[in-house]
1. Using the Cα atoms of segment 504-588, I'd like the radius of gyration and the largest Cα-Cα distance, Dmax, both in angstrom.
2. Nearest 20 debye, what's the magnitude of the dipole of segment 314-399 about its Cα centre given +1 on Lys and Arg Cβ and -1 on Asp and Glu Cβ?
3. Which lysines, if any, have their Cα less than 20 Å from the Cα of Lys363, not counting same-chain residues under 8 positions apart?
4. Between segment 100-178 and segment 437-474, how far is it from one alpha carbon centroid to the other, in angstrom?
5. How many lysine pairs in segment 205-324, separated by 8 or more positions in sequence or lying on different chains, have Cα atoms less than 28 Å apart?
6. With the calculation restricted to Cα positions, what are the radius of gyration and Dmax of segment 48-112 in angstrom?
7. Of the cross-linked pairs Lys24/Lys148; Lys25/Lys136; Lys8/Lys167, which ones have a Cα-Cα span greater than 20 Å in the structure shown?
8. Report the accessible area of Trp449, computed with a 1.4 Å probe over the heavy atoms of all protein chains in place, in Å² rounded to the nearest 10.
Amino acid sequence: MLAVTEVKTTPFTDQKPGTSGLRKKVKVVMQEHYLSNFVQATIDAVKATGTDITKQSLVIGGDGRYFNPEAIQVIIKMAVANGVTRLRVAQNGLMSTPACSALIRELGPTWQKAFGAFILTASHNPGGIDEDFGIKYNCENGGPAPEKITNAIFEITKKIASYKICKQFPEVDISVLGEQKFTDEERGTVVVEVVDTVQEHVKLLKTVFDFDAIKKLISRPDFSFVYDSMHGVQGPYARAVFCNELGAPESCLINHIPKNDFNGSHADPNLTYAVDLTKKMGVDSKGLPTNIPSSEVPVFGAACDGDADRNMILGRQFFVTPSDSLAIIAAHANVIPFFRLQGGLKAVARSMPTSGAVDLVAKKLNLDLFETPTGWKYFGNLMDSKVIFQGKEYTPFICGEESFGTGSDHVREKDGMWAVLCWLSILAHYNTDAQKPFVHVEEIVKNHWREYGRNYYCRYDYEGVTSASAESMMKEMINSFSNNTSRTIGNYTIKVADEFEYLDPVDASVSKNQGVRFLMTDGSRIVFRLSGTAGSGATVRLYLEKYEPVTGNLFQNTADVMNELVQIALELSQLQQFTGRSEPTVIT
């Protein structure tokens, strides 16, 4: 049963992990040896760090997309062949990305704690046999593997000649909770424990938030909300939190049954794809109010993506940008017990493309502030500065990305449910007295602008662009830096044109080529990045930001404010000439 077979193979040249692991079309991953090569390379890279994989546990699960069940069985057989003796597999293979981080960090006993995890997810990318598959490795801190490990994985994939697998190891029934033991006279016993990842994540969240205060909010007759799981993995978690713990009716849940193709939809929580939610919340694809009567619109709405790490927040006919959401959560951190009872928030961080709204909060509250490349692993280093690197203590810590990702140091991944509970906590804080008029999301956001000013912000996504044309466009902008610096275009003057580079203050690593920036003399920004999370082709992301002080006009239409910056960005990049695209796929 535990006999090891060494299978001959040849390398694939396209297995370089991106910012969130390896993402490919399902049919690519289903090729013979393709998945096995990557799994073996990952195991070898982890062992090369000194990790003894024969001790403690390996966690396995994913977002439920097409081919995940088959992939889980392959990983189990390969892990056993490579010496792993205890595996913790999510029930039915369903495990949200934040829950995985919680499981690694929280589930004991100590001698059985996880040394790492394989997460099978392509996050917000589409699912189904003709769509995307993803696999990534998370380390013992619960966070994504750092570049030194992902680089090592890629190097091994380029020269791999064989992989190990226990071909006779039986298929594990991952629908039944509990331990299953498999014994071999020569190799001893392997334990596969099927675990309830929903229970573990909820248990952790109950230590972070005041569930009684949120339950009181939800019970108000003038409060209503809707939560869209987009047929991703979050459905069971949403039912457990909102219905079982907080007493909300199940009617508040939409698209909460996980499906391996996300019901044919794109499980990306934004104004373009979360159409069921935006329709109910009375906003259009630009975040503007529709003509639906406001009395028919819930007070609060939210959505998550396929693996439940991203979130979108809506008030009644009102869209909250991810950058504003991050800033407002940081400004209200003390209404959340996790921060208040630890002496308050110490530091905040944002990815470089994210707006500077949280910077203003950090300045006022005297918090440490970090601007990092896109990728949660950079935040993880800051969270673990003291524990792992014996550096400065930055926790409690809040961080976020403009791509609808927000989180804190309770786990080492972004956490869509955490963000929603933050907003419910903020609403509960402002609405303790049921006799007073309800304070809505829109009022909270606008009051924040009145206090800090407003960072007008939007992002244009051009999806499915050929990689060659996208890379040529970026190269041409880089070659034109010297010509564009100090150049005046319309009402703007370019102060700096450069590529963002990050020196990690924790481990001193350097991350180069992290996005093209045009920084204007008035503080406005134009940023271009190529996404590292697409399953095929390239996604060109264009970010635009303009700051309006508290004395300025805080309540303009974002599209009107950004119009000139958009035209300047298209001129600087020659985007239409390089890509053939005249319109973005998504605007947020």
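The values are calculated or read from the model by the stated rules, or taken from the named source; none is laboratory data. Not measured: the values here are computed from a predicted model. All Cβ positions, glycine included, derive from the backbone under ideal geometry; neighbour counts span all protein chains shown. For accessibility, only protein heavy atoms count, side chains too; no ligands or nucleic acids. Shrake-Rupley method; radii C 1.70, N 1.55, O 1.52, S 1.80 Å.
1. 15.6, 45
2. 140
3. Lys346, Lys392, Lys446, Lys546
4. 32
5. So the count of such lysine pairs works out to 10.
6. Every Cα atom of segment 48-112 included, Rg and Dmax give 12.2, 34 Å.
7. Checking Cα-Cα distances, Lys24/Lys148 exceed 20 Å.
8. Surface accessible to solvent at Trp449 totals approximately 10 Å².
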